[in-house]
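Presented below is the structure to which this report refers.
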Amino acid sequence: MIARIRAYSAPEDIENNLRYIDGHRKVLESYGVKQVTSANHIWLHDPNTYMIIVESEDGTKIYGGGRIQVRSVNLKMPMEDAIAKIDDSIYSYVDKLGEIKIAEFCGLFNSKEVAGYGIGSIFLGRIGVAISSQIGVKYLMALCSPATLRNCTRVGFEIVRDLGKNGTFYYPKEGLIATALLIKDIDNLPFANDEERERINDLRLNPLQHTLETGPKGEMNIFYETKINPLYLNI
């Protein structure tokens, strides 16, 4: 399998964002989920939102993607309103984190066509953490499913046990569980697996690279193009 992983500021490529929205919607509907807070389109032109797209080598197919959505006065993180329906202490929790730049890694998905390759969990997870330092993020939050929790902790996330029931919620619908996560030290990643920390640092230093990666289903040729255009960096 050959794939390309790109990162860019949301306003830079609206057309591709719409393709990402469509792919995300189809995956959610396949699980019986009609709508989630991370799937609305308020962020589409937001200069504080950064996209990660996994696509075919020729760019005709989107295999998956995700967003780094930086919290601003105009736009909260999607997980804030999602969690508030169950535990409204999320607002005060985030406010207590202070004036540092905080973002949510949200809207992650991979198409059924590439299910099992690790794209929607470990590969997107690494890139999300890696590009956060480019963006100037200090704290990175996320909501994850039980299936991706292990890989999330491998790349440095900790469970936010002060929220929900020891960090867990029914989300995006009854019967589906999500866990609230946080990385407090995005630069040093003290809780990351050593191997993952090394790989993330390599992706930070070399955002343009071609690598033969090994996933659960075998080897993949991945072309990384994850350096954010400086003209679109809102730091």
Most mobile of GLY64, GLY164, GLY98 in a GNM of the chain (Cα contacts under 10 Å): GLY98
Relative contact order computed over the chain (Cα-Cα under 8 Å; 6+ residues apart), in percent: 23
Residues whose placed amide H lies under 5 Å from that of TYR224, excluding near-sequence neighbours: ILE5, GLN209, HIS210, THR211
Highest-MSF residue in the chain out of ASP58, ASP194, ASP46 [GNM, Cα springs under 10 Å]: ASP58
Rounded to a whole number, the Stokes-Einstein D of the chain in µm²/s (Kirkwood radius over Cα pairs; 25 °C; 0.890 mPa s) is 139
Solvent-accessible area per residue for the range 1-156 (1.4 angstrom probe, square angstrom): 41
Once amide H atoms are placed 1.01 Å from N in the peptide plane, what residues at a sequence separation of 5 or more from TYR63, or on another chain, have their amide H within under 5 Å of its amide H? VAL54, GLU55, SER56
Express in Å², to the nearest 10, the accessible area of LEU189 obtained by rolling a 1.4 Å probe over the protein heavy atoms while all chains stay in place. 0
Relative to the compact globular guide of 2.2 N^0.38 Å, what is the alpha carbon radius of gyration of the range 104-156, as a ratio? 1.13
Kindly give the semi-axes, whole Å and largest first, of the ellipsoid equivalent to the range 171-235, taking each as the square root of 5 times a Cα gyration tensor eigenvalue. 25, 20, 16
Normalised by the number of residues in the range 169-235, what is the relative contact order in percent for Cα pairs under 8 Å and 6+ residues apart? 17
Proximal lysines relative to LYS61, as straight alpha-carbon distance under 17 Å, when same-chain residues fewer than 8 apart are discounted: LYS26, LYS112
Which value, in Å to one decimal place, does the Kirkwood hydrodynamic radius take for the range 94-191 when every pair of different Cα atoms is included? 14.0
Restricting to DSSP H runs of at least four residues, report the calculated mean residue ellipticity at 222 nm for the chain, -39500 (n - 2.57) per run over all residues, nearest 500 deg cm²/dmol. -8500 deg cm²/dmol
If you roll a 1.4 angstrom probe over the protein chains with everything in place, what fraction of the accessible area of the chain belongs to carbon and sulfur, to the nearest %? 50
Hey, what's the Cα Rg ratio for the range 149-194 versus the globular rule of thumb, 2.2 N^0.38 Å? 1.25
Apply the membrane-span-like helix rule to the chain: whole DSSP H runs, Cα extent along the own long axis of at least 18 Å, mean Kyte-Doolittle hydropathy at least -1.0. List the helices found. 14-30
1/(1 + (r/R0)^6) with r = Cβ-Cβ of ASN221 and LEU75, R0 = 30 Å, i.e. FRET efficiency to nearest 0.05, evaluates to 0.25
How many nm is it between the label spots at ASP95 and GLU57, if each spot is 7 Å from the Cα in line with the beta carbon? 5.3
Of GLU219, GLU104, GLU12, which is the most mobile in a GNM of the chain whose springs link Cα atoms less than 10 angstrom apart? GLU219
Thinking of the range 68-128 as a set of Cα atoms, what percent of all their pairs are more than 20 Å apart? 41
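The values are calculated or read from the model by the stated rules, or taken from the named source; none is laboratory data. Quick caveat, the model's predicted, so the values are computed rather than measured. Backbone-built Cβ (ideal geometry, glycine too); neighbour counts: all protein chains shown. Surface areas here come from the heavy atoms of the whole protein model, side chains and all, with no ligands, DNA or RNA. Shrake-Rupley method; radii C 1.70, N 1.55, O 1.52, S 1.80 Å.
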